[in-house]
Amino acid sequence: MMRKIISTVVAVLAIVSVTAVASQATEVFHGQVLSAGSGKISIQEFSGRIATFEVSAEAKITRNGKLARLEDLKNTDSATVTTNNRMTALTIEARSSIAETASLGASVAALGTYVGASIRAVS
């Protein structure tokens, strides 16, 4: 009788363990940000499918490798969204578009030219 009880308890624990692991499964989505804010993010995956996710209050959100708020993401950003199996975003890693990066590079180059000219004028 005791052996049967122990076997039943072990079986139940095994089922509970498998269920707990399955509930922690994650899924990763890649695409372009369509909208972000008010606790939700929508992206258009590279396949063309549009996916919308609730964003967990504890979600880690980054943009160009720096911590960011959901509202900081732009609709030109590319993003990787990691969700739990309930389609709630746990992490969002956004990167600015090439056009924005190129514009920033041009601004830095222009600033360098200006500073260089100013230094030569003072010398």
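Counting pairs of alpha carbon atoms under 8 Å apart in space and at least six apart in sequence, what relative contact order in percent does segment 28-98 give? All intermediate terms of the calculation are to be shown ahead of the outcome.
Working: 167 pairs, mean separation 24.3, N = 71.
Relative contact order for segment 28-98 comes out at 34 percent.
Using the Karplus equation 6.51 cos²θ - 1.76 cosθ + 1.60 (θ = phi - 60°), what ³J(HN,Hα) coupling, rounded to whole Hz, does each residue of segment 86-96 give in order, writing x for Gly and Pro?
Result, ordered by residue: 9, 6, 9, 5, 9, 9, 10, 10, 9, 10, 5 Hz.
For A25 paired with N64, estimate the spin-label separation in nm (one decimal), with each label point 7 Å from Cα along the Cα-to-Cβ line.
It works out to 3.8 nm between the two label points.
What is the sum of charges around A94, taking Lys and Arg as +1, Asp and Glu as -1, for the other residues whose C-beta is under 9 Å from the C-beta of A94? Kindly include the intermediate steps, with their values, before the conclusion.
Working: positive: R63, K74, R95; negative: D72, D77, E93.
Every neighbour counted, the sum reads 0.
Given the Cα-Cα distance of D72 and I98 and 0.36 nm per residue of separation, how much length would full extension add, in nm?
Details: separation 26, 0.36 × 26 = 9.36 nm, distance 1.70 nm.
Here the segment from D72 to I98 would lengthen by 7.7 nm.
Read the figures in this text as sums done on the coordinates, not as results from a lab. Note that this is a predicted model, so its numbers are computed, not measured. Quick reminder, even Gly has a Cβ in these numbers, built from the backbone with ideal geometry, and neighbours come from all protein chains shown.
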